[in-house]
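Trainee: Mind looking over this structure? Questions follow.
The numbers here are math on the coordinates, done by the rules we state, and not lab data. Since this is a predicted model, take the numbers as computed values, not measurements. Here the Cβ positions follow ideal geometry from the backbone for every residue, glycine too, while neighbour counts run over all protein chains shown.
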Amino acid sequence: MRNPKLLPFFDLHDHGVLLGRRQIDRLEAEGKFPKRVPIGANRVGWVATEIDDWVNAAIARRVRTIAVQELAERVA
């Protein structure tokens with residue numbers, strides 16, 4: 001990874017993550033959200049490319065779900 005960028009919590013929104021801190025904590029614990037990186041005694045950040053990949057995967061899941069629903073409607 002070349003020149004990775006770390007995002008603090010308040011920058012996640014600018015990258016399309018519209019979740020609160022507790023929901024992110026839950027998803028992280030379940031392995032459904034990128035893991036944070038400790039950057040100081042009381043600071044963490046997330047790797048920007050991992051966050052962007054997570055958002056893109058969520059969009060792709062939505063596209064697949066819509067496609068499956070449309071196919072099911074055509075077959076029915």
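Trainee: Could you state the angle between the C-alpha long axis of helix 48-75 and the longest principal axis of the C-alpha atoms of the chain, as a value from 0 to 90 degrees rounded to the nearest 10?
Mentor: 10
Trainee: With +1 on each Lys and Arg Cβ and -1 on each Asp and Glu Cβ, how big is the dipole of the chain about its Cα centre, in debye rounded to the nearest 20?
Mentor: Roughly 160 debye for the chain.
Trainee: Roughly what percent of Cα-Cα pairs across the chain reach past 20 Å?
Mentor: 41
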